[in-house]
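Here is the structure we will look at, set down as structure tokens.
The values are calculated or read from the model by the stated rules, or taken from the named source; none is laboratory data. Predicted, not measured: the structure shown is a model, and the values here were computed from it. Quick reminder, even Gly has a Cβ in these numbers, built from the backbone with ideal geometry, and neighbours come from all protein chains shown. Heads up: the accessible areas ignore ligands, DNA and RNA and are worked out on the full protein's heavy atoms, side chains in. Shrake-Rupley method; radii C 1.70, N 1.55, O 1.52, S 1.80 Å.
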Amino acid sequence: MKLSIAEGFYLIALDDEEGRILAAAEKTVVPGVISACILELYLLKKIKLDGGNISVIDTIGTGNGILDNVLKKLQTGPSLIDQIKSLSGKFKDIQEDLNALLAQRGILKKEETKLLWIPLSDRMDNANYAFEQEIRNNLKAIVFKSAKPSPAFTVLYSLIDDCNILSEVFKDKDELIDAEKVGKEVVDRSGVEPELANALRELKTYFG
């Protein structure tokens with residue numbers, strides 16, 4: 001993914017027409033973003049997941065401001081779920097941070113009172129919507145082409161399913177039924193490491 005997992009999750013949770021968070025994700029977007037950050041830090045080998053608990057093993061920044069802010073607040077010892085709950089309270093403005101980061105990259109722009117997509121351009125420095133379209137295409141390939149998801153896309157797909165926003169990607173009713181079936185098996189199908197698989201199963205229970 002060219003974007004972080006949290007950025008990809010946030011773009012899917014954002015209504016392209018209204019420029020605001022989808023109603024289905026209003027209560028889950030912040031813990032969803034925090035979860036995405038923590039699991040990406042795991043993939044970057046900044047933390048370990050051991051029996052549901054987090055151990056911080058590398059505090060050197062990633063260069064991504066959102067990820068680095070979460071990394072600074074993580075503690076060794078408390079469980080994944082406890083830290084998501086705690087950080088969700090501490091990062092209530094994380095949506096604004098994501099808006100600023102994505103606007104800086106030319107992916108979002110502020111127009112009057114809404115966040116809107118800049119129209120897709122052939123210029124590489126303004127290839128904004130292409131980032132989200134690539135994410136959507138990969139998610140659809142997992143469902144319709146039985147593509148094996150990477151660890152990052154396993155996390156993203158699972159979180160989108162947990163937060164009940166698969167319908168934003170799979171708008172057709174029959175397609176959504178297929179996508180929801182995949183959501184139930186994507187963790188097992190992906191073959192990710194047991195620690196990550198267990199964390200994603202925990203999150204399904206937490207969000208459910």
- request: Report ³J(HN,Hα) in whole Hz for each residue of region 5-12, in order, from the Karplus equation J = 6.51 cos²θ - 1.76 cosθ + 1.60 where θ = phi - 60°; Gly and Pro get x.
  value: 4, 4, 5, x, 4, 5, 5, 5
task: Answer with one residue from Thr59, Ala25, Val70: the one whose Cα lies farthest towards the positive end of the charge dipole of region 1-96, charges on Cβ with Lys, Arg +1 and Asp, Glu -1.
output: Thr59
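Using unit Cβ charges (K, R positive; D, E negative) and no other charged atoms, how large, in debye to the nearest 20, is the dipole of the chain about its Cα centre? Please report the intermediate quantities before stating the final value.
On the way: 27 positive and 33 negative charges, 88 e Å.
Computed about the Cα centre, the dipole is about 420 debye.
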query: For the chain, what percent of Cα pairs sit more than 21 Å apart?
result: 52 percent
message: Greater than 20 Å separation of Cα atoms is the criterion. Which listed pairs, Lys2/Lys140; Lys72/Lys92; Lys85/Lys110; Lys109/Lys140; Lys110/Lys171, meet it?
response: Lys85/Lys110; Lys109/Lys140; Lys110/Lys171
- request: Summarise the accessible area of the chain (1.4 Å probe, protein heavy atoms) by the percent that is carbon and sulfur.
  value: 48 percent
